[in-house]
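The block underneath contains the structure these notes are about, expressed in structure tokens.
The values are calculated or read from the model by the stated rules, or taken from the named source; none is laboratory data. Model, not experiment: these values are computed from the prediction. Using ideal geometry, Cβ is built from the backbone for each residue, glycine included, and neighbour counts are taken over all protein chains shown.
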Amino acid sequence: MAGVIMHVQGAKSQIRTPMDLVAALRRPIVELLPEVSEGGVLGSLVLLDEADGLTDSALEVAADYTFALFDREADPATSWLPKWAWQRDEQVERAVFQATVQTGDQKVYTASRLFLIEHPAGFSRDLIDERNTNPRYAGAKAVAEYVDIPRDRSHRGSADGDSWWWPCPACRWPMRVKERSVFCSYSPHEARFEIKGYDLGQPQLRKVSTVRLRTPKALPVTGAGCLDPAVWRFITVPGLPEVVLQQLESEELGIRVTPWPIMDTFDALVTAPGFAPWTVDVKDHVDARRIIDEPPAARHVLVPKYRRNQIPQLSRALPDKTFWTVESFMKHVRTVVGRGDAQ
Ligand SMILES: [Zn+2]
């Protein structure tokens, strides 16, 4: 790889040896590749942390782009690389929901999907109970596997052999534990804590971010499980704003939200009597280019609040779509339906 970079950059390359390249990977990528990252969101990206592990922000960008490097499932690297590195979001969706889609039962599909969004981790026994008994998930099937809480997401306690984990207050997936720091790998969730000590042998957290989030309690690793990172990243994380959108349903105004219509062209269909339906896609990508390069099918494209600064760029690039934050779209629909405006 050092050779490739030297070849591309020619005489002005700062890279002379593979060790130079490794050192450069611990610094913002703009220093290594000024031409490609100038002005973009990628310039400040750092690929390796102090322990030479992949940083969470690198993982975030990689989840959006690395699939393009692989020749589908035929690539031998897919047997040892994590799924998020070579499967794109749609592939993960397909792999998880294929069997459910084939049965063609919309209710089973919606309930199974909702369960993965609202329960990405927990005690294995509780997860099964919840799926089988809570009417909210009636008909849900076990479409994705829950694996043991990964080592980098657990904390060795004070007593012999006890280990703990903490669910992110935003997405409920196990937060990363790095020495005393505990944080969600998905940086927009802004869940950042530190271990302040022990109470009756149970480690306690203190919040270090300024956002309003509750501080979670430590849960024992034994008997707990969580979704694979690819399922969490491509189904749970983008699903959170999709679930918020469901609050748009209103008896009074006759607004209905059908999430994930099974032929799966859109993320949701919003209807109200006397109005043409709104087709909706929710997009959550670090780089707006990913949305521009593959324009969504729906007419209305929603981004989470933390991506609202992408809206001007998206509107310029795709003028036939209308871009909103989830909240501004909900407000818009309530207003026009409430006033009885014709579309
Ligand atoms: Zn989170």
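Identify the single condition in (1) more than 22 Å from Ala58 (Cα to Cα); (2) at pLDDT 90 or above; (3) within 12 Å of the ligand (Cβ to nearest atom); (4) surrounded by fewer than 19 Cβ atoms within 10 Å (Cβ to Cβ) that Trp166 does not satisfy, given that it satisfies every other one.
(4)
Among what's in the range 201-213 and is without any contact (Cβ under 8 Å) to a residue 24 or more places away in the chain and assigned to a strand (DSSP E or B), pick the residue that is surrounded by the fewest Cβ atoms within 10 Å (Cβ to Cβ).
The extreme case among them is Arg206.
For the range 175-192, which residues satisfy the criterion of being over 18 Å from Val211 (Cα atoms) and not basic (Lys, Arg)?
Val177, Glu179
Within the range 137-163, track down each residue that is charged (D, E, K, R) and within 16 Å of the ligand (Cβ to nearest atom). Even if it seems obvious, please write down each step before you answer.
Step one: list which residues in the range 137-163 are charged (D, E, K, R), which gives 141, 145, 148, 151-153, 156, 160, 162.
Those that are charged (D, E, K, R) and within 16 Å of the ligand (Cβ to nearest atom): Asp152, Arg153.
What is the residue count in the range 286-336 for residues that are within 30 Å of Glu251 (Cβ to Cβ), hydroxyl-bearing (Ser, Thr, Tyr) and touching a residue at least 40 places away in the same chain (Cβ under 8 Å)?
Matching residues across the range 286-336 total 0.
Taking only pairs six or more apart or across chains, which ones have beta-carbon atoms under 7 Å, a first residue in the range 164-178 that is closer than 11 Å to Ala218 by Cβ and free of Cβ contacts under 8 Å to residues at least 60 places away in the same chain, and a second residue that is aromatic (Phe, Trp, Tyr) and within 8 Å of the ligand (Cβ to nearest atom)?
If the second residue must be aromatic (Phe, Trp, Tyr) and within 8 Å of the ligand (Cβ to nearest atom), the pairs left are Pro167/Trp173.
This table checks each residue for (1) under 18 Å from the mean Cα position of the chain (by Cα); (2) more than 16 Å from the ligand (Cβ to nearest atom); (3) of a type outside the set (Lys, Arg).
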{"site": "Thr236", "(1), (2), (3)": "yes, no, yes"}
{"site": "Gly239", "(1), (2), (3)": "yes, no, yes"}
{"site": "Val243", "(1), (2), (3)": "yes, no, yes"}
{"site": "Gly254", "(1), (2), (3)": "no, yes, yes"}
{"site": "Leu269", "(1), (2), (3)": "no, yes, yes"}
{"site": "Ala272", "(1), (2), (3)": "no, yes, yes"}
{"site": "Val282", "(1), (2), (3)": "yes, yes, yes"}
{"site": "Ala288", "(1), (2), (3)": "yes, yes, yes"}
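Report yes if Leu253 is at negative phi, part of a loop (DSSP other than H, G, I, E, B) and in contact with a helix residue (DSSP H, G or I) (Cβ under 9 Å, 6 or more places away or on another chain), otherwise no.
Against the criterion (at negative phi, part of a loop (DSSP other than H, G, I, E, B) and in contact with a helix residue (DSSP H, G or I) (Cβ under 9 Å, 6 or more places away or on another chain)), Leu253 qualifies.
When you scan the range 71-92, do you find a residue that is modelled with pLDDT of 75 or more and either crowded, with 18+ Cβ neighbours inside 10 Å or in contact with a helix residue (DSSP H, G or I) (Cβ under 6 Å, 6 or more places away or on another chain) (or both), even just one?
Yes, the range 71-92 contains at least one residue that is modelled with pLDDT of 75 or more and either crowded, with 18+ Cβ neighbours inside 10 Å or in contact with a helix residue (DSSP H, G or I) (Cβ under 6 Å, 6 or more places away or on another chain) (or both).
Just to check your reading of the model, which residue among Tyr109, Tyr198 is of a type in the set (Phe, Trp, Tyr), more than 16 Å from the ligand (Cβ to nearest atom) and without any contact (Cβ under 8 Å) to a residue 60 or more places away in the chain?
Going through Tyr109, Tyr198 in turn, the sole match is Tyr198.
Need the failing condition index for Val231 against (1) under 12 Å from the mean Cα position of the chain (by Cα); (2) within 13 Å of the ligand (Cβ to nearest atom); (3) not acidic (Asp, Glu), just the number.
(2)
Name the single residue that is farthest from Tyr306 (Cα to Cα) among those in the range 167-192 being within 20 Å of the chain's Cα centre (by Cα) and part of a strand (DSSP E or B).
To start, the set of residues in the range 167-192 that are within 20 Å of the chain's Cα centre (by Cα) comprises 167-177, 182-192.
When the remaining residues are screened for being part of a strand (DSSP E or B), the result is 167, 174, 176-177, 182-183, 192.
Details: Pro167: 21, Pro174: 21, Arg176: 21, Val177: 24, Val182: 21, Phe183: 17, Arg192: 16 Å.
Restricting to residues being within 20 Å of the chain's Cα centre (by Cα) and part of a strand (DSSP E or B), the top hit is Val177.
Which of the numbered conditions does Arg192 fail, given that it passes all the others? Conditions: (1) in contact with a Phe, Trp or Tyr (Cβ under 6 Å, 6 or more places away or on another chain); (2) in contact (Cβ under 8 Å) with a residue 60 or more places away in the chain; (3) within 14 Å of the ligand (Cβ to nearest atom).
Arg192 satisfies every listed condition except (2).
Would you confirm, using the coordinates I've provided, whether Pro216 is free of Cβ contacts under 8 Å to residues at least 60 places away in the same chain, more than 17 Å from Ala170 (Cβ to Cβ) and not in a strand (DSSP E or B)?
For Pro216, the condition - free of Cβ contacts under 8 Å to residues at least 60 places away in the same chain, more than 17 Å from Ala170 (Cβ to Cβ) and not in a strand (DSSP E or B) - is not met.
Out of the residues in the range 114-159 meeting the condition of being outside any loop (DSSP other than H, G, I, E, B), under 20 Å from the mean Cα position of the chain (by Cα) and of a type in the set (A, V, I, L, M), tell me which one is nearest to Glu194 (Cα to Cα).
Restricting to residues being outside any loop (DSSP other than H, G, I, E, B), under 20 Å from the mean Cα position of the chain (by Cα) and of a type in the set (A, V, I, L, M), the top hit is Ala121.
Please go through the range 177-189 and give me each residue that is more than 10 Å from the ligand (Cβ to nearest atom) and either buried (at least 23 other Cβ atoms within 10 Å of the Cβ) or at negative phi (or both), ordered by number.
Step one: of the range 177-189, the residues more than 10 Å from the ligand (Cβ to nearest atom) are 177-182.
Selection gives Val177, Lys178, Arg180, Ser181, Val182.
On the basis of being of a type in the set (Lys, Arg), away from the ligand (no atom under 16 Å from the Cβ) and farther than 17 Å from Thr222 by Cα, does Arg131 make the cut?
Details: of a type in the set (Lys, Arg): yes; away from the ligand (no atom under 16 Å from the Cβ): yes; farther than 17 Å from Thr222 by Cα: yes.
Spelling it out, Arg131 is indeed of a type in the set (Lys, Arg), away from the ligand (no atom under 16 Å from the Cβ) and farther than 17 Å from Thr222 by Cα.
Look through Asp293, Asp284 and report the one residue that is of a type in the set (Asp, Glu), within 21 Å of Val61 (Cβ to Cβ) and buried (at least 19 other Cβ atoms within 10 Å of the Cβ).
Unique residue meeting the criteria: Asp284.
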